[in-house]
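Before any comments, here is the structure.
The values are calculated or read from the model by the stated rules, or taken from the named source; none is laboratory data. Note that the coordinates shown come from a computational prediction; the quantities given were computed from them, not determined experimentally. Every residue, glycine among them, receives a Cβ derived from its backbone with ideal geometry; neighbour counts consider all protein chains shown. All accessible areas refer to the heavy atoms of the entire protein, side chains included, with ligands and DNA or RNA removed. Shrake-Rupley method; radii C 1.70, N 1.55, O 1.52, S 1.80 Å.
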Amino acid sequence: MTHTAYVEALDATAPLNPNALRAARGPSLVHLRSGPIGVFDSGLGGLSVWRHLHARMPNEDFIYVADNANVPYGDKSEAWIRERMVVMTEWFLAQGCKAIVWACNTATAAGATYIRERYPDVFFVGLEPAIKPAVQLTQNKKIAMLATQRTVDSAKYQALVQRTIQVDSGVQLQSIACVGWAQAIDTGRVSGQMWVNLLAQYLEPVRVFGADVVVLGCTHYPFIADDIRAYLGENVVLLDSGAPVARYTESILDIRDGRTMAKELGQTRNYATCVDEAVRARWQYFSDVAHIELSVLNL
Ligand code: DGL
């Protein structure tokens, strides 16, 4: 398992869609500009998003929270995930966060609409599978989307597919729930025969289908990009949402006067709901930071 070959096929420098920017306008964040950006995932997967946020905005402070005592979210109910998001939102707000990034497709699919209605003034960023760029990139009109069961089954994902893929476009989409992947990645069980079998269970249908673009619709999956590529071949394009989400977050903070004025490098505070030495080691590996401070969060 490695993140070095992490694919960033989206153009992270192109200007954002003006409609999306207008829609994201909200009250000024100037009073919070020195506050941190909260980043949340069910586990360590969201570090694949944090890496982009941090690289793009190195002077900002971040608080990353992994709810790894409860990973995976992919088999939890929407109601459970929403309540958990409320608890996390309250905690992030108590830390003075100016933005909260749900670095989790599953949480976004289950609760983003609910949480935005409940906290209309808070700047939230959610993740959605990169279907739109996949439609632009596919040459053979066959796209596969890999995610958790909860994401695949969600009304939010179904709506995204409906508004993105025109019926007469000829584009075929295969959506696969990779049950067990996120948990295996989070707990470091990504070697040996069991892992090989689990990979093949969901990748063999993609190989048979012949998709030329594969959307990684779960933030844990960029960490197994090499395994996926080894199975499907080097020509398959893998897409994730880390880079565009970082670009979007930066743009909205700029528009709402929420960027830090600090000239020095920012700090990241790391929290997990379950901490031991193995978690700490994986955290360092996933975040590519040699020494991290990792604290337990009892929420
Ligand atoms: N990393 C998350 C996602 O993007 C959740 C995985 C899980 O906890 O099931 O979907």
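Quick notes
- Candidate set from the range 113-129 (those that are within 12 Å of the ligand (Cβ to nearest atom) and either in contact (Cβ under 8 Å) with a residue 40 or more places away in the chain or more than 11 Å from the chain's Cα centre (by Cα) (or both)); member that is farthest from residue 83 (Cα to Cα): 129
Let's see how each residue does on (1) open to solvent by 20 Å² or more (accessible area, probe 1.4 Å); (2) within 16 Å of the ligand (Cβ to nearest atom):
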site	(1), (2)
157	no, yes
185	no, yes
193	yes, no
206	no, no
237	yes, no
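- Of the listed requirements (1) open to solvent by less than 30 Å² (accessible area, probe 1.4 Å); (2) within 14 Å of the ligand (Cβ to nearest atom); (3) at pLDDT 95 or above; (4) part of a loop (DSSP other than H, G, I, E, B), residue 60 misses just one: (2).
- Filter pass, residue 265 being under 21 Å from residue 32 (Cβ atoms) and either among the charged types (D, E, K, R) or loosely packed, with under 13 Cβ neighbours inside 10 Å (or both): yes
- Flag if residue 55 is more than 14 Å from residue 38 (Cα to Cα), away from the ligand (no atom under 12 Å from the Cβ) and not in a strand (DSSP E or B): yes
- Of all residues in the range 96-112 being surrounded by fewer than 24 Cβ atoms within 10 Å (Cβ to Cβ) and assigned to a loop (DSSP other than H, G, I, E, B), the one that is nearest to the ligand (Cβ to nearest atom): 97
- The listed residues are 174, 139, and the only one of them that is of a type outside the set (A, V, I, L, M), outside any helix (DSSP H, G or I) and surrounded by 15 or more Cβ atoms within 10 Å (Cβ to Cβ) turns out to be 174.
Residues are listed down the side, and each one gets a yes or a no for (1) modelled with pLDDT under 95; (2) within 16 Å of residue 123 (Cβ to Cβ); (3) open to solvent by less than 40 Å² (accessible area, probe 1.4 Å):
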position	(1), (2), (3)
19	yes, no, no
37	no, yes, yes
42	no, no, yes
68	no, no, yes
74	yes, no, yes
87	no, no, no
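- Positions within the range 232-257 being in contact with a strand residue (DSSP E or B) (Cβ under 6 Å, 6 or more places away or on another chain) and in a loop (DSSP other than H, G, I, E, B), in sequence order: 236, 240
- Restricting the range 159-171 to residues that are loosely packed, with under 15 Cβ neighbours inside 10 Å and not aliphatic (A, V, I, L, M), the residue that is farthest from the ligand (Cβ to nearest atom): 168
- Pairs meeting the criteria (first residue in the range 179-208 and within 20 Å of residue 283 (Cβ to Cβ), second residue surrounded by fewer than 13 Cβ atoms within 10 Å (Cβ to Cβ), beta carbons under 7 Å, at least 6 apart or on different chains) are 188/278.
- Beta carbons closer than 7 Å, at least 6 apart along the sequence or on distinct chains, pair a first residue in the range 27-51 that is in a loop (DSSP other than H, G, I, E, B) and within 16 Å of the ligand (Cβ to nearest atom) with a second that is open to solvent by 10 Å² or more (accessible area, probe 1.4 Å) and charged (D, E, K, R) for 44/282.
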